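What follows is a short report on a single structure.
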Amino acid sequence: MHSVGRAIAVLGLVACGPKPTETVPEQPPAEPVVEQVDTAVSGLYHVQRDARRCAAPACGGWWLLDVNRPTTACPTGEDERCYAMPGTQLPDGALVQATLKGGPMGELSVERAWGPVGEGAKSEVYQLGDNGVRCVRAPCESISAAVVGGEGVPVSDVDTTAVGKVDPEALGEAIVSGTLFAAGSIEQRDETRVFVATELWLPVAK
């Protein structure tokens, strides 16, 4: 005769015995979460219209070049020049104090702009302004001419002969406010120094 109790005990041992090892499939590693961060750069740029023929916004915008530098700081790193999408109205060849935001096709935000007068040979760009010096007789070196980012040199006058026709009132206002930019050089003439301009940039009204 079989014992019911013994059978139950045997079943209990079977139920409490070691379970077969379960194989858990390996999960692929989680993809890293990359936060998209807009990079922005700011500076004084020389702008040139993009004359390439293709669909906007890839073409038809502006090329930006850092003033007085061999390369340009772009949102994607140092390059010969940066590209800004179309949308900003500027004179071709203008100077702009601006911020460029984004990637290869940047968005341009202009703080101030200066329109070009004349088409001189490529040279360093200076910022000129009243240095506060006053004299009892001429010549008086009351204008500071500083390579952008450099130290100022006092000069007595700005020679615009090579530039062509210039509005003297606009020129004077730009010098007084320190917002005149010019390409050219400083020359010694008799007992004074003069800035000889080959191209000017005057403030553009907003």
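The figures follow:
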{"item": "Among GLY77, PRO168, VAL155 - extreme Cα towards positive end, dipole of segment 62-206, charges at beta-carbon", "result": "GLY77"}
{"item": "Positive dipole terminus of segment 40-113, leading residue within LEU90, VAL47, MET105 (C-beta point charges)", "result": "LEU90"}
{"item": "Ranked by how many other beta carbons lie within 10 Å on average, peptides 80-91, 48-59 from highest", "result": "80-91, 48-59"}
{"item": "Cα centroid separation, segment 99-123 to segment 158-188 (Å)", "result": "20 Å"}
{"item": "Gyration tensor verdict on segment 40-113 (Cα atoms; rounded if a/c is under 1.5, prolate if a/b is larger than b/c, oblate otherwise)", "result": "rounded"}
{"item": "Chain lengthening between SER42 and ALA55 when straightened (0.36 nm per residue, less Cα-Cα)", "result": "2.0 nm"}
{"item": "For segment 40-113: relative contact order, % (alpha-carbon pairs under 8 angstrom, 6 or more apart)", "result": "33 percent"}
{"item": "Placed amide H near VAL204: partners under 5 Å, 5+ positions off or other chain", "result": "ALA113, TRP114, GLY115"}
{"item": "Per-residue ³J(HN,Hα) for segment 89-104, Karplus 6.51 cos²θ - 1.76 cosθ + 1.60, θ = phi - 60°, Hz, x for Gly and Pro", "result": "8, 9, x, 4, x, 6, 9, 9, 9, 8, 10, 10, 10, x, x, x"}
{"item": "Backbone HN-Hα couplings from phi across segment 163-176 [Karplus 6.51/-1.76/1.60, Hz, Gly and Pro as x]", "result": "7, x, 5, 10, 5, x, 5, 5, 5, x, 5, 5, 5, 4"}
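Each value in this text was obtained by applying a stated rule to the coordinates, not by laboratory testing. This is a predicted model, so every value here is computed, not measured. Neighbour counts run over all protein chains shown; Cβ positions are idealised from the backbone, glycine included.
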